[in-house]
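Below you'll find the structure, written out as C-alpha cells, and then a few comments.
The values are calculated or read from the model by the stated rules, or taken from the named source; none is laboratory data. What you see is a predicted model, and the numbers here were worked out from it, not measured in a lab. Neighbour counts run over all protein chains shown; Cβ positions are idealised from the backbone, glycine included.
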Amino acid sequence: MSEPSRLIVGPFNRVEGDLEVRLDLAGDHVEAARVTSPLYRGFEAMLVGRPAMDALVYAPRICGICSVSQSVAAARALAGVRPTGLERRPLPANGAHATNLVHAVENLADHLTHFYLFFMPDFARATYAEEPWHAGAAERFTALKGTAAVQVLPARAGLMNLMGILAGKWPHTLSIQPGGSTRAITRAEQARLRLMIAGFRAFCETHLFAAPLEQVATLAHRDALYAWAEGSSGDFARFVMISRALDLARLGRTSLRHIAFGAYPSEDGPLFPRGMFDAGIGTAAHLPLSAITEDVSHAWYRGESGTPGKAAPVPDMGNPDAYSWCKAPRLDGRVAEVGALSRQLVAGHPLLRDMVAREGASVEARVVARVIEIALVTMAMEQWIAAIDPQAPFQDTSPRLETGDSMGLTEAARGSLGHWLRLDGGRITHYQIIAPTTWNFSPRDAAGTPGPLEQALVGAPIRPGETEPVAVQHVVRSFDPCMVCTVH
C-alpha cells in the first residue's frame with residue numbers, strides 16, 4: 001500500500017482571516033486533516049489592565065463582520081459582575097428588544113452574505129461544467145457577476161439601514177451597554193423600522209425562498225423540504241436541488257455534541273434556548289457551563305489547559321506539538337460543534353433534527369439551518385419592533401460593581417461566543433474569549449482527538465489533479481469560518 005500524500009490548501013478566498021488546511025490523502029479521499037490558524041491577534045491581552053468599560057470599545061474591534069456579537073458578549077460579561085447569589089438585573093424590555101434587533105440585523109446579514117457571496121459561488125466553478133445544473137448556477141451565483149448579486153446587495157444594504165436607526169453605525173457600535181441600549185427609538189423611527197423589515201421580508205419571499213417565510217420555517221422533515229424545493233424557483237430551492245445532485249447530505253459529516261449559549265433573550269424567554277444536543281443520541285440536555293475548558297496541547301501557547309475563567313495561557317511558538325494559534329475548547333473533555341445547525345438542534349426544529357438523525361451533521365444540514373434561521377429571525381424581528389414602547393426606558397443606568405468575575409454568553413451567526421472576565425477595582429485583570437470558529441476549527445487536544453472541521457474533512461473526495469479540492473471548500477465553508485475572531 002502506498003504512503004499517504006499531503007496537500008496544503010490555503011489561504012482560502014471568501015473567508016474572513018487567515019486559514020490553512022493540511023490534508024493527508026489516501027488515494028482519492030482525505031484520510032486526516034490538520035486545521036491551522038496562522039495569525040495571532042491578542043485582544044485578550046490588550047484588555048488586561050484597562051478600565052472595565054473599555055471592553056465595549058475593544059471587543060467589537062475583534063471583527064468587522066460580527067462586531068455586534070462581540071459587543072453583546074462583552075456587555076453581558078460586564079453586567080454579570082455581582083456578588084455570589086445575587087441575580088443579574090434584567091434589562092428594560094425596550095433595551096432587550098433594541099439589542100436583539102441590532103444583533104439580529106448583523107446575524108441575518110452574515111447568513112445572507114455567506115449563502116449568496118461565500119457559499120453558492122463555488123457551484124459556478126468550471127469543475128462542475130458538465131453538470132446539468134451548472135449553467136443556471138453560474139449565471140445566478142458567479143462571484144460579483146451573477147444575477148443574484150444585483151439583487152442581494154441592495155437587500156443587504158436595506159437590512160443594514162435598520163442598524164443606522166438602532167445603533168448609529170456599524171461596525172463597532174457603542175449603543176449596546178450592560179444596562180440595555182443607549183439609542184431610544186421614537187414612534188416615527190419605529191414606523192420606519194417596520195417598513196425596512198417589510199422590505200427585507202419581500203426580498204426573501206421573492207428571491208431567496210419564492211414562498212412565504214411561514215411556509216419555509218415550518219417545514220418539518222427532509223422529505224417535505226425536498227418536495228417543496230422541487231416546486232419552488234427560489235435560490236434556497238436551487239441549493240437544495242444542487243445539494244441532492246452532489247449528495248451534500250453525506251459530505252462533511254460529524255456525529256458530535258452540539259451546543260448553544262442561547263440567543264435573543266426577552267421577558268418571555270430566548271428565541272433560541274441554551275442547551276446541548278447529542279447528535280449520536282438525539283436528545284437535548286442542560287449545558288454544563290462549568291465543564292467548558294480550553295486545551296493548548298497542540299496550540300502555540302505555554303501554560304496549563306483549563307477553564308477560561310482561570311489564568312490565561314501565554315503565547316509561545318516553542319511548543320513542538322503545536323500547529324495552530326487556535327486553542328481547543330472542549331465540553332467535559334469532549335469535542336462540540338457550534339453554529340446555526342447546533343442552535344436549531346437544541347431548539348428542537350423538526351426539520352434539522354430529522355436531517356441529522358438521517359445522515360448526521362453535514363454540509364447540507366449546516367447550510368439549510370442557516371437559511372431556515374433567516375426566516376425564523378426575520379419573523380421574530382417583526383415582533384420585537386412591534387413590542388417597542390417609545391415612552392419606556394431603553395437602559396438601566398444605575399451603578400454596577402467594579403470587582404468580581406463574570407461571563408457573557410451569546411450566539412453569533414457562526415455559533416456560541418463567550419467572554420470571561422475578572423474585574424478588580426474597576427479594571428480588567430483577566431479576559432478570555434472563545435469564539436464559534438475556536439470551537440469548530442480547533443486543533444487536536446491532549447488525547448489526540450481532532451476538532452469538528454478536522455473530523456468533517458475525513459473522507460472528503462479529491463478529484464484527479466485538484467490542488468484546491470472543491471469538496472474540501474464546501475466542507476470548510478459549511479462552517480462559515482471567521483478566523484480573526486478565533487485567535488487571541
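Considering the stretch 169-195, and only residues there that are more than 23 Å from the chain's Cα centre (by Cα) and assigned to a loop (DSSP other than H, G, I, E, B), the residue that is surrounded by the fewest Cβ atoms within 10 Å (Cβ to Cβ) turns out to be Thr186.
Restricting Ser324, Ser266 to those that are surrounded by fewer than 20 Cβ atoms within 10 Å (Cβ to Cβ), of a type in the set (S, T, N, Q) and at pLDDT 90 or above reduces the list to Ser266. Name the helices (runs of 4 or more DSSP H) wholly inside the stretch 36-105 in which the number of residues that are closer than 14 Å to Leu417 by Cα and touching an Asp or Glu at 6+ places or on another chain (Cβ under 7 Å) is 1 or more. By residue number, 67-79.
Among the residues of the stretch 401-410, is there at least one that is in contact with a Gly (Cβ under 8 Å, 6 or more places away or on another chain), closer than 20 Å to Gly179 by Cα and of a type in the set (A, V, I, L, M, F, W, C)? Taking every residue of the stretch 401-410 in turn, at least one turns out to be in contact with a Gly (Cβ under 8 Å, 6 or more places away or on another chain), closer than 20 Å to Gly179 by Cα and of a type in the set (A, V, I, L, M, F, W, C). Restricting attention to the stretch 318-332, which residues are among the hydrophobic types (A, V, I, L, M, F, W, C), closer than 19 Å to Val484 by Cβ and either in a loop (DSSP other than H, G, I, E, B) or touching a His at 6+ places or on another chain (Cβ under 6 Å) (or both)? Within the stretch 318-332, Trp325, Cys326 meet the criteria. Residues in the stretch 202-261 that are aliphatic (A, V, I, L, M), within 30 Å of His29 (Cα to Cα) and out of contact with any helix residue (DSSP H, G or I) (no Cβ under 7 Å at 6 or more places or on another chain): Ala245, Leu246. Out of contact with any Cys (no Cβ under 6 Å at 6 or more places or on another chain) and more than 29 Å from Ala59 (Cα to Cα): does that describe Val470? So Val470 fits the description; yes. Beta carbons closer than 7 Å, at least 6 apart along the sequence or on distinct chains, pair a first residue in the stretch 126-146 that is surrounded by 15 or more Cβ atoms within 10 Å (Cβ to Cβ) with a second that is at pLDDT 95 or above and of a type in the set (Phe, Trp, Tyr) for His134/Tyr128; Ala137/Phe123; Phe141/Phe123. Could we say that Glu454 is in contact with a strand residue (DSSP E or B) (Cβ under 8 Å, 6 or more places away or on another chain) and among the acidic types (Asp, Glu) here? For Glu454, the condition - in contact with a strand residue (DSSP E or B) (Cβ under 8 Å, 6 or more places away or on another chain) and among the acidic types (Asp, Glu) - is met.
When the stretch 242-263 is limited to residues that are in contact (Cβ under 8 Å) with a residue 24 or more places away in the chain and surrounded by fewer than 16 Cβ atoms within 10 Å (Cβ to Cβ), the one that is nearest to Arg76 (Cα to Cα) turns out to be Ser255.
The number of residues in the stretch 29-45 being touching a Ser or Thr at 6+ places or on another chain (Cβ under 7 Å) and not aliphatic (A, V, I, L, M) comes to 2.
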